[in-house]
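Heads up, the thing below is written out as structure tokens.
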Amino acid sequence: GAGVSQTPSNKVTEKGKYVELRCDPISGHTALYWYRQSLGQGPEFLIYFQGTGAADDSGLPNDRFFAVRPEGSVSTLKIQRTERGDSAVYLCASSSTGPQSPLHFGNGTRLTVT
Amino acid sequence: DAKTTQPNSMESNEEEPVHLPCNHSTISGTDYIHWYRQLPSQGPEYVIHGLTSNVNNRMASLAIAEDRKSSTLILHRATLRDAAVYYCILRVPNTGNQFYFGTGTSLTVIP
């Protein structure tokens, strides 16, 4: 079946602009995660959804970052007033519930802030 | 936090077995050990997971120490396509956020 889909695959924006990154998880997966990955580093946790609600948003770096999942499926990561330091690959993953359930990742959105 | 430590890099000859170690001395009794790998320009890919017993699947084997404070991912015959960064992660039950990646082990496969 279809895997996790992230759009766009690449996004270039100017400093100060607003961006939205979209994630389509695997159908039926209740858990959805956002990670951010800088060059040479492992993925950094941002936020975790269980259904429609954000169960843990402790990884969001500041209030410019916000994510929603209104119907418990598609999620959007929103970044306001982008800064050059926000440039990274933003990864989305989904899974079924339970500690044995593996995460299924998309290929990410590469965000470049100029 | 449930943390893991891995060597930064390893090398292996093609068609030789590879043993990738991971230390997780603070592991709790119900924490699952997961391994992922990440090829260039791709998202991480699930490899294998286990709790107490050794596990085998089509991709790899996972050997878990008796005290569970360490584990080893075994690739039986390394191929060039196995060159990737391998991450060892502890997944804590009932806490979906406890899926922290370290910097992983970068595996180079030499032809």
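The values are calculated or read from the model by the stated rules, or taken from the named source; none is laboratory data. Every value quoted in this text rests on a predicted model; they were computed, and no experiment measured them. Note: ideal-geometry Cβ built from the backbone for every residue, glycine included; neighbour counts use all protein chains shown.
Residue count for the stretch A:55-114 satisfying the condition of being closer than 19 Å to B:GLY43 by Cα and outside any loop (DSSP other than H, G, I, E, B): 18. Please determine whether any residue of the stretch A:22-45 is surrounded by 14 or more Cβ atoms within 10 Å (Cβ to Cβ), acidic (Asp, Glu), away from chain B (no Cβ under 14 Å) and within 15 Å of the chain's Cα centre (by Cα). No, the stretch A:22-45 contains no residue that is surrounded by 14 or more Cβ atoms within 10 Å (Cβ to Cβ), acidic (Asp, Glu), away from chain B (no Cβ under 14 Å) and within 15 Å of the chain's Cα centre (by Cα). Inclusion of A:PRO8 among residues that are touching a Ser or Thr at 6+ places or on another chain (Cβ under 8 Å), exposed (fewer than 14 other Cβ atoms within 10 Å of the Cβ) and modelled with pLDDT of 95 or more is warranted. Just a yes or no: is a residue in the stretch A:49-59 touching a strand residue (DSSP E or B) at 6+ places or on another chain (Cβ under 8 Å) and in contact (Cβ under 8 Å) with a residue 40 or more places away in the chain? Yes, the conditions are met somewhere in the stretch A:49-59. Might you let me know whether the stretch B:72-84 holds any residue that is basic (Lys, Arg) and either in contact with an Asp or Glu (Cβ under 7 Å, 6 or more places away or on another chain) or surrounded by 12 or more Cβ atoms within 10 Å (Cβ to Cβ) (or both)? Scanning the stretch B:72-84 turns up at least one residue that is basic (Lys, Arg) and either in contact with an Asp or Glu (Cβ under 7 Å, 6 or more places away or on another chain) or surrounded by 12 or more Cβ atoms within 10 Å (Cβ to Cβ) (or both).
Every condition in (1) modelled with pLDDT under 95; (2) more than 10 Å from chain A (Cβ to nearest Cβ); (3) surrounded by 19 or more Cβ atoms within 10 Å (Cβ to Cβ) is met by B:LEU62 except one, and the failing one is (1). When only residues in the stretch B:23-44 that are in a strand (DSSP E or B) and either aromatic (Phe, Trp, Tyr) or free of Cβ contacts under 8 Å to residues at least 12 places away in the same chain (or both) count, which is nearest to the other protein chains (Cβ to nearest Cβ)? Of everything passing the filter in the stretch B:23-44, B:TYR32 is nearest to the other protein chains (Cβ to nearest Cβ). Only a single criterion out of (1) more than 9 Å from chain A (Cβ to nearest Cβ); (2) buried (at least 21 other Cβ atoms within 10 Å of the Cβ); (3) over 14 Å from the mean Cα position of the chain (by Cα) is not satisfied by B:SER12, namely (2). Applying a threshold of 9 Å to beta carbon distances and a minimum spacing of six or more residues, or different chains, the list of pairs starting in the stretch A:74-101 at a residue that is closer than 22 Å to A:SER9 by Cβ and ending at one that is assigned to a helix (DSSP H, G or I) and of a type outside the set (Val, Ile, Thr) reads A:ILE79/A:ASP86.
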